[in-house]
Amino acid sequence: MTPAPVLLFDQTDSTNAEARRRAEAGETGPLWIAARRQTAGRGRRGRAWESDTGNLFATLLTTTRKPPAEAAQVTFLAALAVADLLDRYAPPSLVTIKWPNDVMLAGEKVAGVLVESGVHAAGGLWLAVGIGVNLAHAPAGTERPATALAQHLSADVPAPPSVEVAARELAGCFAVWMERWETLGFQPVLDAWRARTLGLDGPATARLGHETIEGRAEGVATDGALRLRLADGGLRLISAGDVFFGEG
Ligand code: BTN
């Protein structure tokens, strides 16, 4: 599959917002919208995403005929694509995924994914697959420590890629997973994602709005939802929310 073209802005409010505006105006993509700087970068659960120059901010605008529940699987493709990108610059053993789509480097968050969607007036579901990768610097003041690729480069890599190169390579990595997903379905994607994901079989705490649920992760269901075994023996399937793995 040919990677979608990349449109790089010097600055925008948010590449996800730009993708949404284009989708609402009838654009279908596929197109990567990237920016060197965002003035209103957004993260999951209404958080801000620090967006100073040097890091990668990119959103794939695309349109699918898949039903929304299946379309949500792109979030797993995004995490795998980022992991493949990072493997080129950092020791692959340091690159892992935290459910569902945070990418970690040496145990600290280096990239996040925010997928938004809507329905085109002419039919079809548009998706804005937003990806932020800390190439040069880690944001300060995050709830859990974050890191940047520049802090974990492989011995033979002098510097992290430029934003242009990283955006192009990310588009290429994503296209590989997109093609596997479209030709083979979700199972091989989920298997590859599982192989890189840590914490799926140990203590876990899920925060869903104001509710905090403690339990033990027991892997994921076939749609990628986290299986959380509760102290009373019950099972909760968690599809979205903040989950902390490990004790405390
Ligand atoms: C998260 O909270 O982990 C998701 C962060 C997603 C950030 C990216 S940066 C590019 C795109 N544009 C945005 O405003 N957000 C996403």
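Values in this text are rule-based calculations from the coordinates and carry no lab data. Fair warning: this is a prediction, and the values are worked out from it, not measured in the lab. With ideal geometry, Cβ positions are generated from the backbone for all residues, glycine too; neighbour counts draw on all protein chains shown.
Structure data summary
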item: Simple spin-label estimate for Thr183 and His210 in nanometres, 7 Å along Cα-Cβ; result: 5.1
item: Charge dipole of the chain about the Cα centre (unit charges at C-beta), most positive-ward option of Leu80, Leu135, Pro30; result: Pro30
item: Sequence-separation-based contact order of the chain, relative, with Cα cut under 8 Å and 6+ spacing, percent; result: 18
item: Lys, Arg +1 and Asp, Glu -1 on Cβ, resulting dipole of the chain about Cα centre, debye, nearest 20; result: 260
item: Distance-filtered residues of the range 37-55 - backbone nitrogen under 20 Å, label point 7 angstrom along Asp13 Cα→Cβ; result: 37-53
item: Ala25-Glu218 pseudo-label distance in nm [points 7 Å out on the Cα-to-Cβ vector]; result: 5.0
item: Length released on extending from Arg88 to Ser239, taking residue separation times 0.36 nm less the Cα-Cα span; result: 51.3 nm
item: Qualifying GluC sites (Glu not before Pro) for the range 100-180 [loop in DSSP, other Cβ within 10 Å: at most 13]; result: Glu143
item: The chain: calculated mean residue ellipticity at 222 nm from DSSP helix runs of at least 4, using -39500 (n - 2.57); result: -7500 deg cm²/dmol
item: Helix runs (DSSP H) in the chain reaching 27 Å along axis by Cα, Kyte-Doolittle at least -0.5; result: 163-184
item: For the chain, diffusion coefficient by Stokes-Einstein and Kirkwood Rh (Cα), 37 °C, 0.692 mPa s, µm²/s; result: 179
